[in-house]
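Data first, discussion second: the structure below is written as structure tokens.
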Amino acid sequence: MEDPLGKLMPSEVEFIAEDAPITITPNFQAGVFLFLKERVGPFKPQRPMEVPMWLAVSLRRRDKCVIHVPEWLSVDALTTKLEEEKMQQKQFVHMPAHFQEISSILFDVASQDVPNSEECRQLIQAIVDVRTAKIRQGGLDDMKDSLAIQLNNVTQMEITSIRQFACHAMDAFNRLSSV
Amino acid sequence: MSYFDIDDILMQEERLPCVASIDVIKMGSLDPSSATPYLRKGSKVDLPLWLIKSYREKNGEDIFEVDPPKFLGPKYLDMLRADATVINLQSWCSHFFSFAITYLTLFQDGDLATTIQDSFGHRYLVILDISQNAVQDDTSEKTRNLDQLERQLFHAGLQDDRAQQQWRRRQAHRILPWAGAPRRDAFELGHLTKRPKLSFS
């Protein structure tokens, strides 16, 4: 069966995530940038401002700004989230939308801006692993007994990681239960 | 499912043992031993599912008494009930589940339906396991026991997993624009007069 949403690839989800705003401190002066979707600026040196993620990445690659790492991307915050995530058996802890993508981009482009980046990376990976196991146990395993599964607080990337399999499985169970 | 779905066509090629319950006119050619143009009442023929299906849909009454195929017989179903996960369904029938579904829509059978549903439920968990943990490239060993429907499911899971791993290693694929997006010429044609330009001072 063809997936009605097409094949949304993880890199496309990352592309969507790059629209999220992030705070930067530019080190240059410039007027307003006109883009198709929005206008950004004016840029003043040492004046923090919000820009879309993709622009922040582009500027950071040219060493034109410093990225302010979001609050949730710190060892303390992530450790708390990981503990909460482990505490709950079935429920998912609320994580910022696109946390996997944003952290992955930041580790890639601006690892110097992230304090304790290696530790953060491991914590993110641990949280993702716990959540993946929950999706498997709470969602996919139960699919054989019910025709719908509910997963609250699951991010778009996590849905993408099971979309094709889940669609095929749902289709198969639906066909089997119709006879 | 489309009319030209190759899996559907292959699945309906499967033959079922049938016994003619009336004299069938002009169907003598179905039975090679028949000398007359009639298919006599009581003669045994193996007919493909698509033929039986279209007969049943066109004529209200049953021309044939249809027996289930070997792999939906009691002996095989007992094996399924014992442990569905170890059975090589590919060797029973390459389109086992699709066939069973079509067969069951023609000939309602509650017990059979339950057995098939339970078997798929058990086998589904195994497929979930192997598709998310397929490390090596050669998957033929793992899919050996699966029927076509299960293979499609396995490959869907595999693709999900591969795409995810690829992204994690940051080996992104090239994102292509939507086919209906405005082309670059739009700038030259004057719909969009200014191209955004990044300039720093």
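FYI, it's all coordinate maths here, none of it is from the lab. Predicted model, so just to flag it, every value in this text is computed and none were measured. Glycine gets a Cβ as well: all are built from the backbone with ideal geometry, and neighbour counts include every protein chain shown.
Other residues within the sphere of radius under 12 Å centred on the Cβ of residue A:80, judged by their own Cβ, net out at -3 (K and R +1, D and E -1). With Cβ to Cβ distances under 12 Å as the rule, what net charge do the other residues near residue A:29 carry (K, R +1; D, E -1)? Cβ neighbours under 12 Å give a net charge of +3. The order of B:52, A:16, going from fewest to most other C-beta atoms within 10 Å of their C-beta, is A:16, B:52. Each of A:37, A:81 has some number of other Cβ atoms within 10 Å of its Cβ, and from fewest to most they run A:37, A:81.
If you run the Gaussian network model on chain A, springs between alpha carbon atoms under 10 Å, then out of A:34, A:140, A:59 the most flexible one is A:34. Taking the fewest neighbouring Cβ atoms within 10 Å as the starting point, the ordered list for A:94, A:68 is A:94, A:68. Working from label points 7 Å from Cα in the Cα-to-Cβ sense, the residue A:75 to residue B:53 distance is 6.3 nm. Annotation for segment A:29-75 versus segment B:16-33: alpha-carbon center distance of 79 Å.
Taking A:97, A:169, A:17 in turn, the Gaussian network model of chain A (Cα-Cα springs below 10 Å) assigns the largest fluctuation to A:169. Here the label points at residue A:36 and residue A:113, each 7 Å from Cα along the C-beta direction, are separated by 2.4 nm in the simple model. Note that segment A:27-36 has calculated 3J(HN,Hα) couplings of 10, 9, 10, 7, x, 7, 8, 9, 10, 4 Hz, one per residue in order, obtained from phi through the Karplus relation 6.51 cos²θ - 1.76 cosθ + 1.60 (θ = phi - 60°); glycine and proline are x.
Computed from the alpha carbon atoms alone, the convex hull of the protein assembly as shown holds 196 Å³ per residue. With a cut-off of 14 Å between beta carbons, the residues surrounding residue B:53 carry a summed charge of -2, where Lys and Arg count +1 and Asp and Glu -1.
Here is how the number arises for chain A: DSSP H runs of 4 or more residues each give -39500 (n - 2.57), the sum is divided by the residue count, and the result at 222 nm is -13500 deg cm²/dmol.
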